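Chemist: One structure, as structure tokens, below. Some questions next.
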Amino acid sequence: MSLGVFHIVLALVVGSIAYPTIQPRWCGQPDGLSAEPLPYERWHSLLIISAHPDDIEACMGGLVYTLTQMGVNVHYLILTNGDKGCGNPSLCGNWTMSQIAEARAQEAIDAAAILGVPSSNVHVLDYEDAELSTYTEVDVRKQIVGWIRSLTPEVIITWYLYPRFEIQPGDVYMDLGYHPDHQQTGKLVLESTFDAGISRLYPELGESHNTLEFYMWEFCYPSHYFTITRQLLSKASEAEAAHTTQWLGQAEVELGLGRVYKGTAKFANVTDEMSIGFTQYAKITF
């Protein structure tokens, strides 16, 4: 998620305790409306399905840490191996894609451990980075259905399935508003969550399972929010910085995440200094 000019800009301002607000075009709740608090206190099990190995810590690392401290059983399912991503050229600029994929799988485990998620709960698939939409959809969906039925989560969280063109590439991350893997992940996970509850569909993949709550990360128009304190920002940044192929250090990460979280709080129309946002889909049952 961290590329090019973004590193240069951050290097000029690292050390500042102020987190400038992201200013995408047209984002935010209509006047008089506010997002609702995320009802995470009632959760017991959660499956987070991401496109890339570093997505989860950036999008919801503070929430993951909060949940694991509560004893919630958290699993990661990461669809691509991240083999095209190198945001730290001095480390991985000359590596092969196989070397990058191997390193990123270990980084995912290391980052999850910082947030209290054991290595046995981190599942990295081997679809190639930036190519998720080129695979036969039914094959990917069946893989996801198998994991959902095996893990039987109460709650699933994933990427939003539509681009957010309001967030332009220069606003924060180059791919926060649009990345083909992000949107394809959201689409496939929503479909697979539906599929997993149909007993006569793919019976060879196990007993059907109905997920109770389904959320997607939302940076522009969140229906729900979770408050990020300075302590949680620091913990999320520490975990995200464990993806050393993607970042130059924790200070860089903390500045970038602080900027995103401050913008999300504004667009949720809440009084928090910083928040992470979600859009909730209706309860999926059959």
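The values are calculated or read from the model by the stated rules, or taken from the named source; none is laboratory data. Please read all numbers here as calculations on a predicted model, not as lab measurements. Neighbour counts are summed over all protein chains in view; Cβ atoms, including those assigned to glycine, are modelled from backbone coordinates with ideal geometry. When the accessible area is computed, the model is the full protein with side chains, heavy atoms only, and any ligands, DNA or RNA have been set aside. Shrake-Rupley method; radii C 1.70, N 1.55, O 1.52, S 1.80 Å.
Chemist: On the given criteria, is residue 96 over 21 Å from residue 133 (Cβ atoms) and surrounded by fewer than 18 Cβ atoms within 10 Å (Cβ to Cβ)?
Modeler: yes
Chemist: Quick test of your reading of the structure: residue 248 fulfils all but one of (1) surrounded by 22 or more Cβ atoms within 10 Å (Cβ to Cβ); (2) more than 17 Å from the chain's Cα centre (by Cα). Name the failing condition by number.
Modeler: Exception for residue 248: condition (1).
Chemist: Working only within segment 232-245, note down all residues that are within 16 Å of the chain's Cα centre (by Cα), farther than 30 Å from residue 271 by Cβ and surrounded by fewer than 21 Cβ atoms within 10 Å (Cβ to Cβ).
Modeler: Correct list: empty.
Chemist: With a cut-off of at least 3 residues that are within 28 Å of residue 137 (Cα to Cα), name the helices (runs of 4 or more DSSP H) lying wholly within segment 175-286.
Modeler: Output list reads 180-196.
Chemist: Sticking with this structure for a sec: Which residue out of 200, 149 is among the charged types (D, E, K, R), surrounded by fewer than 21 Cβ atoms within 10 Å (Cβ to Cβ) and touching a Gly at 6+ places or on another chain (Cβ under 6 Å)?
Modeler: The match here is 149.
Chemist: Does segment 107-121 hold any residues that are open to solvent by less than 40 Å² (accessible area, probe 1.4 Å) and farther than 14 Å from residue 61 by Cβ, and which are they?
Modeler: Result: 121, single match.
Chemist: Scan 169, 163, 153 and give me the residue that is part of a loop (DSSP other than H, G, I, E, B) and touching a His at 6+ places or on another chain (Cβ under 8 Å).
Modeler: 153
Chemist: If a residue has to be aromatic (Phe, Trp, Tyr), under 15 Å from the mean Cα position of the chain (by Cα) and either open to solvent by less than 30 Å² (accessible area, probe 1.4 Å) or farther than 22 Å from residue 85 by Cα (or both) to count, how many in segment 163-197 make the cut?
Modeler: Total satisfying the criteria: 1.
Chemist: Sticking with this structure for a sec: Out of all the residues in segment 63-80, which are crowded, with 16+ Cβ neighbours inside 10 Å and touching a His at 6+ places or on another chain (Cβ under 9 Å)?
Modeler: Once the filter is applied, which keeps residues that are crowded, with 16+ Cβ neighbours inside 10 Å and touching a His at 6+ places or on another chain (Cβ under 9 Å), segment 63-80 yields 72, 73, 75, 76, 77, 78, 79, 80.
Chemist: Mind listing whichever residues of segment 210-231 are among the aliphatic types (A, V, I, L, M) and either open to solvent by less than 10 Å² (accessible area, probe 1.4 Å) or closer than 12 Å to residue 59 by Cα (or both)?
Modeler: Listed by number, the residues that qualify are 216, 228.
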